[in-house]
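Asks: Following this message is one structure expressed as structure tokens.
The values are calculated or read from the model by the stated rules, or taken from the named source; none is laboratory data. Bear in mind the structure is a predicted one, so any value in this text is a computation, not a measurement. No Cβ is skipped: glycine too gets one built from the backbone with ideal geometry, and neighbour counts run over all protein chains shown. Keep in mind that these areas ignore ligands, DNA and RNA; they rest on the heavy atoms of the full protein, side chains included. Shrake-Rupley method; radii C 1.70, N 1.55, O 1.52, S 1.80 Å.
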Amino acid sequence: MRDSEIHALIKRLLLADNAAVAEMKVDGGTSLATGGLELTSLELIRLLVGLEESLDIELDDEMIMNSHFGTVDDVVELVGRGLTNSGRELSTTSSS
């Protein structure tokens, strides 16, 4: 799975809760909080649960607690670790 696919999935999941996200450019550098997506802690947890369900992975509590969530790329990195733990990999290349 490519990181661009994770970015698109994040945007789709966020759209389910906030239609204003449709007007935003969501990329790796997009802030999750102030000046960006303006996510609350509950919205971040919903996003992580949505990613787990959509990708059939488990993000264990320790991985989450030891992560810093400043930008979308921070979430993508966490998902990459979850994919690796499930025997899959996150590709950062843009080719198919």
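Asks: Restricting the stretch 31-59 to residues that are outside any helix (DSSP H, G or I) and of a type in the set (Val, Ile, Thr), which is most open to solvent (accessible area, probe 1.4 Å)?
Replies: Ranking the qualifying residues of the stretch 31-59, first place goes to 34.
Asks: Related question: Starting from the stretch 11-25, keep only residues that are under 15 Å from residue 72 (Cβ atoms) and open to solvent by 60 Å² or more (accessible area, probe 1.4 Å), then list their pairs with residues that are among the aliphatic types (A, V, I, L, M) and part of a helix (DSSP H, G or I) whose Cβ atoms are within a distance under 7 Å, requiring at least 6 positions of separation or different chains.
Replies: 15/21; 15/22
Asks: Spot the failing condition for residue 28; the list is (1) in a loop (DSSP other than H, G, I, E, B); (2) open to solvent by 60 Å² or more (accessible area, probe 1.4 Å), and only one is missed.
Replies: Condition (2) is where residue 28 drops out.
Asks: Could you grab me the full set of residues in the stretch 60-84 that are part of a helix (DSSP H, G or I) and touching a residue at least 24 places away in the same chain (Cβ under 8 Å)?
Replies: 72, 73, 74, 75, 76, 78, 79, 80, 82, 83
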